[in-house]
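**Q** Got a structure for you, questions after.
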Amino acid sequence: MMTSRTVMAAVLLAAVAAPASAQSLFATRGLGVPVTSLDARAAILGGSGVGLIGFHSSLANPAELAGGFRRGVTAALQPVTSSIDLDGAEDGTSTTRFPLLMVNYPINPRLTAALGFGGYLDQSWGVIQESTRDIGGVTVPVTDLLRSSGGIAQIKLNASYMLTPTLAVGIGGGLLTGNVERLASRTFTDTSVVLSNFEASIRWRYKAPVATIGARWDVGGVARLSAAVTAGGDLKATVVGDSISSTEDRSYGAPLQFATGASVRLGPLMTAAGGLTWDRFPSVGNGTESRETIRVGAGLEYEGIRSGLRAYPVRVGARWGQLPYYLTGEEPGKEWSAGLGLGFRLGNPQDPAALADIGVERGSRSGLAGTATSGGLNEKLWRFTLSLSLFAN
Amino acid sequence: MKRWCLMACAVVLAGCTQDSPLSVGDVLLPGESIRTFEVILEPEQYLVYDTAFGLYSEPEDANFVLFARGYGGALTSRALVRYDIPRTITVRSTGDTLKVDSLPRYFSASIRLTIDTVASTRPVTFEAFFPTQRWDRATATWTHRIDSTGVRLAWAVPGGSPSAVRATAVSNGDSAVLVFDSATVAILRDTTDSNDGLLIGVQNQGARVRTLLPSLTVRARSSIRDTIVEQVLAPVRTFIFTPQLGSTHTALRVGGTPQWRGVLKLRERLDTVTVPCPDRPNCRVKLGDLSLNSASLRLQPVPSPAGYDLEGDIDIAVHALIPDPLVPLQRSPLSEALTFTTAAIPKSSFLAPNAPVVDLPLTSVLRVVLAGPDAADFVPSSLALLPAGGSATFGVAQFQAMPRMRLVVSLARELKLP
C-alpha cells in the first residue's frame, strides 16, 4: 500500500509540476479561456460538475463530496486537437491539459475533506509568423514567435458535512494561482545580414483568495439538486521575471461564480443531468472587455451494461458557453460541444472502489470578428477527457 | 492497484509536451508585436573623444624594410643595416676534423632584397651607400642618427649621411641582389670605421618598395685550406623616412610604422542614453531597455597622408583598453581582440575622398556596455582600433574623426501583462 501511495504522490507531483498546456487563440484575449475542472463523467454530462447523482470529482461545489467513505485520488487528463480558421487561413494544433487533480479524505461518516488542483483560465497560445521588415532601408526576412505559456489554476481545500442523509453542505477555500510566461522572439533568417536574433520574455504570477459555499439535496431518492457560490478577492498579477524593462504589477477584478445543477433518475438504469454556471471572471480593462458569462449543459447516462460489481456506463451530453474576454469592437466568443462518454466503475455508485472514464467531445469556439478579422476566429476541436479515480479500502 | 497507479503516471507524464505555435493568428495581436529599427548615434551621444597614437612597433621591430624616393610626392625612405661579420670561420681540414680559421679572407658579399610589395610597376633600382656616421638602431630617424633621451645627434646630411654609391641592383620582378666587393666587405667588418653598416635606398623617383629583411651573404676563402665558406647573416636594421607623421593625430588612424592605434573613449552609462521610439511621437526609450541586434562603428575612410597609403587591404580589430590610473592612456594595456571587420577594407578606400563607409562590428562590445555597469566584471570604457592579427603595415588607414555608431535594436511591444 505504501508503494501505491508513493506512486500516487508521484503522479500528483508530476502533474502539478507540469504546467497545464493548452492552446486556443481565444486565450490571446484578457486572462484567457475558461477551463472547467471536471472529471470525464462530469465533462460529458453537461459540464457543470454540480448536482450529479453518483460519484464525480469537481471543485465547483464542496458539498458534492458528501457520501464518499474511501480515501482516494482523481486525476484527469485532457488531450485536445484543434483546427483553426481565421479569415480563410487554417492551421491546427494538438495539446494536452490537466483539468483536475483531487485527493479525497473522509474524516468521519459525515465529514469529508478534499484537496484539489484544477484549471480556471488558460493563457497558452503561440503564433509564429514569417515576414520581411525594413531596417534602415534594407529589407530583411524575419521569423517572429510569440508564445504565452501557463494560466490561472485553482487550489482548493473543500469540506462537506452531511446534515441529514439527504442534505449536505460544503465549504471550501483556496487560491487562484498560477504563472504565465510570455516570450517574443525574432529570428533573422538571412545569414548574410549580421543581426543577432532577438528574444525577450516576461513572467508573472497570479494570486487571489477564493471561497465557496454550497449545498446538495437529494429529493425522494430520484433527484439531486445542488448549488454553490464562489467568490474571491481581487486577482493580483506580480511580475517575477522581466528581461526587457520594468513592468508594473497589476490588479484585476474579483471572481464570482454561481453554479447549480440537478440530476434525475429516469429509471433504474438511466439518469439525466443538467447544469448552469454563471461567472463573472476578473475584469481586465485597457481595451479588453470582460463580460459575465453563462454556461449550460445537459446529458444522459445509461448504466445497463454491467458485469457483477462492475458497471460500464455510457453517456451522451452537450454544453454551450460564453467566453468572457474580447477586445472592444470585437464579437464576443462562444463555445459548444457535444460528446460521448464511456466509463468503468468498480463497486458502489456513490462510493466506488475505482473509476475510469473517458469522454470524447466534438465542439467549436467562434467569435472575435471585428477590425482585426472580419470573419472572426473559428476553432473546431476534438476534446478527449480521461479520468481515473482510485480509492483505498 | 500498482498497475493502475503506474498507468496513471504514464498518462500524466505523456501530457507534458510543448505545443507547436500556430502559423495563423498574428492579426489578432494588436500592433506590431516586435519592432526592430535602426538607431544612428551621433558621436556626441556616445563618445567623449577620439584620438590616435602612433607610438607602437617602431621600424626596428618591423619584419620588413621600406624603400622610397619621393613616393606620393612626399615620402623618401632608406634602410640602415648592420651585420656582425665573424672574425673567424670554421673549415673542415684533412682527416675530417673541424678547424677554426682566424684569418679568413672575405672576398665578396651580397644582399638579396626580396620584394614584398611594390607601389610602382617598373623595375626598381636599389642603391647602397655607407652611412658615414654611426647610428643608433632604436632611435635613428631621417634627421637624427641618435635621438634618445639625453643624446640627440643629427645626421650631417639628413637621410643617413650617405657616402658615394657602393653598389646598385635592378629588381628582376620579385628580388634584386646588391653585390659588394672585398673592399666594401672589409669596411663592413671594421667596427671601428665611421662607415657604420650600409644605407640602402632606391633610385627611382616616385617608387616605394617593401622588402623582406635584407640578409647579407658573405663569402670567405680559408687561410688553412683551399675552400670557400659562405655565410648568411641577419641584419641589425631599421629604416628612416621623411616626412614623419608625429605621434598623435585627431583623425582615427590604424596601422603604419610606428603603428597607429585609434582610440575611442565611450561615454559612461550608455545604457541610459535615450533615443526616439519608432513611430511614436514624444516618446523616448533608453538604450539599456532595448535588445541589441547589431552595433557597428560607421568609419568613413579618408585619404592617407601623402606617401602613406596602404600596401594592401587591411582588417581591423577592436580591443578594449584596460584602464590603469598609473598608466597614461596611450600606454594602457589591451584586451584580446573583441571583434573584427567582417571583410578586409580595400586599400583603394584610402586613396581618394568619399570612399564607401566601413561598418566595423561592435555588437559584442555594445551588448556588454548596454547591459549596465553591474552586468559584467569588466565593461569596456575605451576602445582601440588596431590592424587585425598583428599584421604590420607602413601605410596608414585613416578615418574621419568622431564616427557615428549604427545600432539595430528590437523591442517587444506587446510583452506585458493583460
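**Q** Going highest first, how would you order B:66-74, B:349-357 by mean Cβ packing within 10 Å?
**A** With the highest mean Cβ count within 10 Å placed first, the list reads B:66-74, B:349-357.
**Q** Under the definition of Cα pairs under 8 Å and six or more residues apart, what whole-number percent is the relative contact order of chain A?
**A** Relative contact order here is 19 percent.
**Q** Given axes a ≥ b ≥ c from the Cα gyration tensor, I'd like to know whether the stretch B:288-386 is rounded (a/c under 1.5), prolate (a/b larger than b/c) or oblate.
**A** Judged from the Cα gyration tensor, the stretch B:288-386 comes out oblate (a/c at least 1.5, b/c at or above a/b).
**Q** Using Cα positions and a limit of under 20 Å, work out the lysines in reach of A:K156, with same-chain residues fewer than 8 apart set aside.
**A** Within the straight-line cut-off, A:K156 pairs with A:K207, A:K236.
**Q** Let me ask something else about it. Name the residue farthest towards the positive end of the dipole of chain B from the options B:Y83, B:L103, B:T339, assuming +1 on Cβ of Lys and Arg, -1 on Cβ of Asp and Glu, about the Cα centre.
**A** Farthest towards the positive end: B:L103.
**Q** Run down the lysines and flag those whose C-alpha is under 19 Å from the C-alpha of A:K334, throwing out any fewer than 8 positions away in its chain.
**A** Result set, ordered by chain and number: A:K380.
**Q** In units of 2.2 N^0.38 Å, what is the alpha-carbon radius of gyration of the protein assembly as shown?
**A** After normalising by residue count via 2.2 N^0.38 Å, the value is 1.54.
**Q** Report the semi-axes of the equivalent ellipsoid for chain B in whole Å, largest first, where each axis is √(5λ) for an eigenvalue λ of the Cα gyration tensor.
**A** Semi-axis lengths for chain B are 61, 28, 19 Å.
**Q** Follow-up question, since we're still on this one. Take the Cβ-Cβ distance between A:V240 and B:Q400 as r, set R0 to 35 Å, and report the resulting FRET efficiency rounded to the nearest 0.05.
**A** 0.15
**Q** What FRET efficiency do you get for A:K207 and B:L334 if R0 is 51 Å and r is their Cβ-Cβ distance, rounded to the nearest 0.05?
**A** After rounding to 0.05, the efficiency reads 0.45.
**Q** Over all directions, the average projected area of the alpha-carbon convex hull for chain A comes to how many nm²?
**A** Value for chain A: 21.3 nm².
**Q** Using a cut-off of under 18 Å, list every residue of the stretch B:101-145 whose amide N is near the label point 7 Å from the Cα of B:V157 along the Cα-to-beta-carbon line.
**A** The answer is B:126-135, B:141-145.
**Q** Also, quick follow-up: How many nm separate the modelled label positions at A:T166 and B:A375, each set 7 Å beyond the Cα in the direction of the Cβ?
**A** Those two pseudo-labels are separated by 7.1 nm.
**Q** Just checking the output field for B:33-43: average partner chain Cβ neighbours within 10 Å of each residue's Cβ?
**A** 4
**Q** For a label point 7 angstrom out from the Cα of A:S83 toward its Cβ, which stretches of the stretch A:366-392 have the backbone nitrogen within less than 11 Å?
**A** Counting backbone N atoms under 11 Å from the label point, the list is A:380-382.
**Q** What residue among A:V229, A:V33, A:V127 has the largest mean-square fluctuation in a Gaussian network model of chain A, using Cα springs under 10 Å?
**A** In the Gaussian network model the winner is A:V127.
**Q** Using only Cα atoms, locate the centre of the stretch A:188-206 and the centre of the stretch B:76-146, then give the distance between them in Å, rounded to an integer.
**A** The distance from the Cα centre of the stretch A:188-206 to that of the stretch B:76-146 comes to 62 Å.
**Q** While we're on this one: Show the residues, 5+ positions off or on another chain, whose built amide H is closer than 5 Å to the amide H of B:Q133.
**A** Excluding prolines and chain starts, which carry no amide H, the hits are B:D196.
**Q** I need the phi-derived Karplus couplings for the stretch A:33-46: 6.51 cos²θ - 1.76 cosθ + 1.60, θ = phi - 60°, integer Hz, Gly and Pro marked x.
**A** The phi angles translate into 9, x, 10, 8, 8, 9, 7, 5, 5, 5, 4, 7, 7, x Hz.
**Q** Next up: When a/c is below 1.5 the answer is rounded, else prolate if a/b is larger than b/c, else oblate, so apply that to the stretch A:207-344 with a ≥ b ≥ c taken from the square roots of the Cα gyration tensor eigenvalues.
**A** Prolate, since a/c reaches 1.5 and a/b exceeds b/c.
**Q** Please turn the phi angles of the stretch A:325-341 into ³J(HN,Hα) values with the Karplus equation 6.51 cos²θ - 1.76 cosθ + 1.60 (θ = phi - 60°), one per residue in order, whole Hz, x for glycine and proline.
**A** Calculated HN-Hα couplings, in order: 10, 6, 7, 4, x, 9, 6, x, x, 8, 9, 9, 7, 10, x, 10, x Hz.
**Q** Take the Cα atoms of the stretch B:91-197, find their three principal axes, and give me the spread along each one in whole Å, biggest first.
**A** 55, 43, 23
**Q** Which lysines have a Cα less than 29 Å from the Cα of B:K265, not counting those fewer than 8 places away in the same chain?
**A** B:K286, B:K347
**Q** For the stretch B:237-354, compute Rh as the Kirkwood radius over C-alpha pairs and then the Stokes-Einstein diffusion coefficient at 20 °C and 1.002 mPa s; write the answer in µm²/s, rounded to an integer.
**A** 121 µm²/s
**Q** On to the next question. Taking the Cα atoms of the stretch A:139-202, what is the range of coordinates along each of the three principal axes, in descending order and whole Å?
**A** Principal axes ranked by extent give 78, 17, 13 Å for the Cα atoms.
**Q** About the Cα centre, and with charges only on the beta carbon of Lys, Arg (+1) and Asp, Glu (-1), how big is the dipole of the stretch B:304-374? Nearest 20 debye, please.
**A** That gives a dipole near 120 debye.
**Q** Which residues in the stretch B:285-316 have a backbone N closer than 19 Å to a point placed 7 Å from the Cα of B:A74 along the Cα-to-Cβ line?
**A** The answer is B:300-312.
**Q** I want to verify a result. In a Gaussian network model of chain A, Cα cutoff 10 Å, which of these has the top mean-square fluctuation: A:R216, A:R250, A:R29?
**A** Answer for the Gaussian network model of chain A: A:R250.
**Q** Please compute, for peptide A:386-392, the average count of beta-carbon atoms on other protein chains lying within 10 Å of each residue's beta-carbon.
**A** Counting Cβ atoms of other protein chains within 10 Å of each residue's Cβ and averaging gives 3.
**Q** Give me the distance between the Cα centres of the stretch B:371-418 and the stretch B:216-270, rounded to whole Å.
**A** Centre-to-centre distance over Cα atoms comes out at 31 Å.
**Q** HN-Hα J couplings of the stretch B:199-213 from phi, Karplus 6.51/-1.76/1.60, θ = phi - 60°, integer Hz, Gly and Pro as x?
**A** 10, 10, x, 10, 8, 6, 5, x, 9, 9, 10, 10, 10, 5, 4
**Q** At q = 0.15, 0.21, 0.22, 0.25 Å⁻¹, what is the base-10 log of I(q)/I(0) for the stretch A:258-323 according to the Debye formula with one equal point scatterer per Cα and no solvent? Please give it to two decimals.
**A** Calculated log10 I(q)/I(0) at the listed q: -0.62, -0.87, -0.91, -1.03.
All of the numbers you see were taken from the coordinates with simple rules; none came from a lab. None of the values given here were measured: they were computed from a predicted structure. For neighbour counting, all protein chains shown are included, and Cβ atoms are generated from backbone atoms with ideal geometry for every residue, glycine included.
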